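Student: Pasting a structure here, questions to come.
Computed from the coordinates by the stated procedures, all read-outs in this text should not be read as laboratory data. The model shown is predicted, which means the values in this text are computed figures rather than measured ones. Cβ sites come from the backbone with ideal geometry, for glycine too, and all protein chains shown count toward neighbours.
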Amino acid sequence: MTSTNRKVRTRFAPSPTGGLHLGGVRTVLFNYLFTRQHNGQFILRIEDTDRTRFVEGAEAYIYETLAWCGLNPDESPAIGGPFGPYRQSERKAIYGRYAEQLIRDGYAYYAFDTPEELEAMRTQYKTAENPSPRYDSTLRGKMHNSLTLSSEETKKLLDAGTAYVIRLKVPENETLRFTDMIRGEVVFNSSETDDKVLLKADGMPTYHLAVVVDDHLMEITHSFRGEEWLPSAPVHILLWKYLFGLENMVTWAHLPLILKPDGNGKLSKRDGDRLGFPVFAMNWTDPRTGDFTKGYRELGFLPEAFVNMLAVLGWNDGTEQELFSMEELLQKFSVEKIHKKGAKFNYEKALWFNKEWIKKLSADQLKPQVIYWLKNAGIDISGKEDQLPGIIEQVKDRCTLLSDFVEQTSFFFQAPEKLDLDAVLKKWNDQKNSFFIELIRGYELATDFTPENLEHSFKELAAASQLKPGELMLPLRIMLVGGKFGPHVFDIAAAIGAKATISRIKYALSLLENHSKDA
RNA sequence: GGAGCGUUGGUCAAGGGGUUAAGACACCUCCCUUUCACGGAGGAAUCACGGGUUCGAUUCCCGUACGCUCUACCA
């Protein structure tokens, strides 16, 4: 009946008020997957009708986030399209016309109540049973509007330039229903919704008017939005009915919320700050306050992992599979399998996804990212680029975040800055010291510096010195790597070469000697 | 207060009238590993509660409880 024969068109309609929240990106993802599966078009529309909340740079941030995630729109303010403009602030006149039309048709009215009057109404009618009185059919007769005023009075006020809003005249006791793609049929009674403001005093529309008008004008067929919008669906249903016909209404899908890990409730940026994980996709600095908020990208997440993690937060294909590439998501995603229940966000699991994706990607695929992180950390890899894929291959199973590549690979390029001497000091003695002096001699003479040869001569010397190799390997590791981590120690020695190996051993020996003296 | 939505292990979840109720994260034990990881083996749930329907309900229906969202000239 509705849009089955129309070309699928969806939209993501964020407000440019700050960084993009996890939930926002997931909404984009589901939009995108659904749209691509139906060979439709995905539109980015900027809902900047609230001038007071507009934040410079937020729109650019949105483009960058979508690009990073590989979720680019087909139409947007930046790239244009046949249904522009795509910024609601630039469509102001359009909404005004529809609001006036609603008034002419008797579905809306002018309201002149000042904020103070509204406040007075709320306190006056507030009772224990009704803590938040609404501007609705029961009360509008008592307020200052074109329904209670004579048409002459109304005209006079309008002509005098009196500030006004246009409110929807919500009918009494009307059953309003629609079929949600995720929840099935949802029913409301119109008496439960108030006379929502459609057009604000500054002439800008509220979300309710703008979303319906634009969805119609932009020929949107399916609308994915967060569950927090469900209670305002009756307003939108009414608007569709009065303006464009219920038969043309978009098909809605109200997505479950992403909840905070502890306790309950919507996940907010503050929860991330409090619990120590990002909620925004990328770093964000509020230009007004200077407040800085960390993002997933800069923390060292791969976009593949970020998208994957979001996809399975509230969706699952019914199998055991958890790791999905974008191609697989495009193939397997289905709205029917989106959950109804909100999911508590689990950062540990998000890290796990990143770790899995680092393991999953090849060294070549990881290489540009690793180079970026190493350069950022001031590590000079010049002359060793060719070795990088091999090095990445050796350490990638040990990395959870891309940033971990710095610690896990830096010792291949430069001597460790700090040595975990405590790890060796406890069991250090002259015998071991002599062993390493001998080892240096041996390695200086070594012609074939392969891991196998190095290990072989190391063990031979250990046996000759009557020492257990196990007690010597950790010291060697500390000397070369700086700490108790990393790939096999002889692989590292071979990779950095004889010269570096020997100088690092010598340097460590000198430190150990000083410590022994001190003690 | 009201309305709407929801309720399978600590978390994410599969499943769905008859099952030993999958799997993953985290946690614990062990194996592998002369580091750290990877990997491997194992450990824990009568599916919120109460009624129905049924030969049989975690699965269907109705209540209850609990939770969430909304209740702005914000989206």
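Student: How high is the FRET efficiency between residue A:232 and residue A:371 when r is their beta carbon distance and R₀ equals 56 Å, given to the nearest 0.05?
Tutor: On the way: r = 48 Å, r/R0 = 0.86.
Plugging the Cβ-Cβ distance into 1/(1 + (r/R0)^6) gives 0.70.
Student: Moving to a separate point now. Subtracting the Cα-Cα distance from 0.36 nm times the residue separation, let me have the gained length for residue A:150 to residue A:286 in nm, one decimal.
Tutor: Working: separation 136, 0.36 × 136 = 48.96 nm, distance 4.78 nm.
Result: 44.2 nm gained on full extension.
Student: Still on this model: Rounded to the nearest 0.05, what FRET efficiency do residue A:464 and residue A:423 have when you use their Cβ-Cβ distance and R0 = 22 Å? Kindly include the intermediate steps, with their values, before the conclusion.
Tutor: On the way: r = 25 Å, r/R0 = 1.13.
Efficiency, rounded to the nearest 0.05: 0.35.
Student: If we sort A:357-364, A:334-341 on the protection proxy, mean other Cβ atoms within 10 Å, highest first, what's the order?
Tutor: Working: A:357-364: 16.6, A:334-341: 13.4.
Descending mean neighbour count gives A:357-364, A:334-341.
Student: Could I ask something else about it? By what distance, in whole Å, do the Cα atoms of segment A:440-519 stretch along each of the three principal axes, largest value first?
Tutor: 38, 27, 24
Student: Something else about it: Taking θ = phi - 60°, what integer Hz values does the Karplus form 6.51 cos²θ - 1.76 cosθ + 1.60 yield along segment A:440-447, in sequence order, with x for Gly and Pro?
Tutor: Computed from phi, the couplings for segment A:440-447 are 4, 4, x, 5, 5, 8, 4, 9 Hz.
Student: Whole number please: convex hull volume per residue of the Cα set in chain A, in Å³?
Tutor: Values: hull volume 107.1 nm³, N = 519.
Value for chain A: 206 Å³ per residue.
Student: Under a cut-off of 13 Å between alpha-carbon atoms, report the aspartates and glutamates in cross-link reach of residue A:427, not counting same-chain residues fewer than 8 places apart.
Tutor: Candidates past the 8-residue exclusion: A:471.
Student: Stretch residue A:129-residue A:387 to full length: gain in nm at 0.36 nm per residue minus the Cα-Cα span?
Tutor: Working: separation 258, 0.36 × 258 = 92.88 nm, distance 7.27 nm.
Roughly 85.6 nm would be gained on extension.
Student: If you don't mind, another one. So what are segment A:373-519's ellipsoid semi-axes, whole angstrom, largest first, if each one is the square root of 5 times an eigenvalue of the alpha-carbon gyration tensor? Each step should come with its number before you reach the end.
Tutor: Values: eigenvalues 137, 64, 36 Å².
Each semi-axis is the square root of five times an eigenvalue, giving 26, 18, 13 Å.
Student: Follow-up question, since we're still on this one. Which of the peptides A:474-481, A:267-274 is most tightly packed, and how do the rest follow, judged by the mean count of other Cβ atoms within 10 Å per residue? Show your work: numbers first, answer last.
Tutor: On the way: A:474-481: 22.8, A:267-274: 15.8.
Those peptides, ordered most packed to least, come out A:474-481, A:267-274.
Student: To continue, here is another question. Amide H neighbours of residue A:180 under 5 Å, at least 5 residues apart or on other chains, H built in the peptide plane: list them.
Tutor: Residues meeting the amide H criterion: A:185, A:186.
Student: Still on this structure: Using a Förster distance of 51 angstrom, determine the FRET efficiency expected from the C-beta separation of residue A:437 and residue A:347, and round it to 0.05.
Tutor: 0.60
Student: Give the value in nm², to one decimal: projected area of the alpha carbon convex hull of segment A:87-178, averaged over all directions. Before the final figure, lay out each step's value.
Tutor: On the way: hull surface 33.5 nm².
If I average the Cα hull's projected area over directions, I get 8.4 nm².
Student: Tell me the mean residue ellipticity at 222 nm calculated for chain A from its helices only (DSSP H runs of n ≥ 4, each -39500 (n - 2.57), averaged over every residue, nearest 500).
Tutor: On the way: 20 runs with 232 residues, N = 519.
It comes out at -13500 deg cm²/dmol, rounded to the nearest 500.
Student: Which of the peptides A:488-500, A:78-90 is most tightly packed, and how do the rest follow, going by the mean number of other Cβ atoms within 10 Å of each residue? Please list the in-between numbers first.
Tutor: Details: A:488-500: 18.6, A:78-90: 15.4.
Most protected by this proxy first, the peptides run A:488-500, A:78-90.
Student: Within the P(r) computed for segment A:109-149, what percentage of the Cα pairs occupies the region above 13 Å? Don't skip to the answer; put the middle values down first.
Tutor: Details: 413 of 820 pairs.
It works out to 50 percent of all Cα pairs.
Student: Residues of segment A:304-339 with amide nitrogen under 11 Å from the 7 Å Cα-to-Cβ point of residue A:360?
Tutor: A:304-312, A:321-329
Student: Calculate how steeply helix A:347-360 sits against the longest principal axis of the alpha-carbon atoms of chain A, using the helix alpha-carbon long axis, and give the answer as 0 to 90 degrees to the nearest 10.
Tutor: Between helix and principal axis, roughly 60 degrees.
Student: Now for a separate question. Find how much the distance from residue A:247 to residue A:186 grows on full extension, using 0.36 nm per residue of separation minus their present alpha carbon separation; answer in nm with one decimal. Could the numbers behind the result be given before it?
Tutor: Numbers: separation 61, 0.36 × 61 = 21.96 nm, distance 1.67 nm.
Gain on stretching residue A:247 to residue A:186: 20.3 nm.
Student: Considering only DSSP beta bridges with both partners in chain A, what is the antiparallel share in %, to the nearest 5?
Tutor: Working: 20 of 35 bridges.
Just about 55 percent of them are antiparallel.
Student: Determine the shape class of segment A:166-240: with a ≥ b ≥ c the square roots of the Cα gyration tensor eigenvalues, call it rounded for a/c under 1.5, and otherwise prolate if a/b is greater than b/c, oblate otherwise. It would help to have the intermediate numbers written out before the result.
Tutor: Details: a/c = 2.02, a/b = 1.15, b/c = 1.76.
Note, shape of segment A:166-240 comes out oblate.
Student: Just to check, using Stokes-Einstein with a Kirkwood Rh over alpha carbon pairs, what's the diffusion coefficient of segment A:1-157 at 10 °C and 1.306 mPa s in µm²/s? Before the final figure, lay out each step's value.
Tutor: On the way: Rh = 19.2 Å.
Stokes-Einstein gives a translational diffusion coefficient of 83 µm²/s.
Student: One quarter of the convex hull surface, Cα atoms only: what value does that give for segment A:276-330 in nm²? Don't jump to the answer; show the numbers that get you there.
Tutor: Working: hull surface 20.3 nm².
Mean projected area of the Cα convex hull: 5.1 nm².
Student: Can you pull the one-decimal nm distance between simple spin-label points at residue A:340 and residue A:448, each 7 Å off the Cα toward Cβ?
Tutor: Output for this residue pair reads 7.0 nm.
Student: Can you bin segment A:119-253 into rounded, prolate or oblate? Criterion: square roots of the alpha carbon gyration tensor eigenvalues sorted a ≥ b ≥ c, rounded for a/c under 1.5, prolate for a/b above b/c, oblate for the rest.
Tutor: oblate
Student: Further question: For helix A:58-69, report the angle its Cα long axis makes with the longest principal axis of the Cα atoms of chain A; keep it between 0 and 90° and round to the nearest 10°.
Tutor: For A:58-69 against chain A, the angle is about 50 degrees.
Student: Ok, one more. Compute the helix-to-body angle for A:92-104: its Cα long axis versus the longest principal axis of chain A, expressed 0 to 90° and rounded to tens.
Tutor: 40 degrees
Student: Determine by what factor the alpha-carbon radius of gyration of segment A:82-121 differs from 2.2 N^0.38 Å, reporting the quotient. Working shown, then result.
Tutor: On the way: Rg = 14.6 Å, N = 40, 2.2 N^0.38 = 8.9 Å.
Against the empirical 2.2 N^0.38 Å value, I get 1.63 for segment A:82-121.
Student: Over all Cα pairs of segment A:186-310, how is the pair count split among 10 Å bins, expressed in % and running from 0 up to the last occupied bin?
Tutor: 10, 29, 28, 26, 7, 0
Student: How big is Rg to Rh over segment A:269-360, alpha-carbon atoms, Rh as the Kirkwood inverse-mean-distance radius?
Tutor: On the way: Rg = 14.7 Å, Rh = 14.5 Å.
Ratio of gyration radius to Kirkwood radius: 1.02.
Student: Now a separate question. Ordered by residue, what ³J(HN,Hα) values in Hz, to whole numbers, does segment A:325-339 give under the Karplus form 6.51 cos²θ - 1.76 cosθ + 1.60, where θ = phi - 60° and Gly and Pro are x?
Tutor: After applying 6.51 cos²θ - 1.76 cosθ + 1.60, I find 7, 4, 4, 5, 5, 4, 7, 9, 4, 8, 4, 4, 9, 6, 6 Hz.
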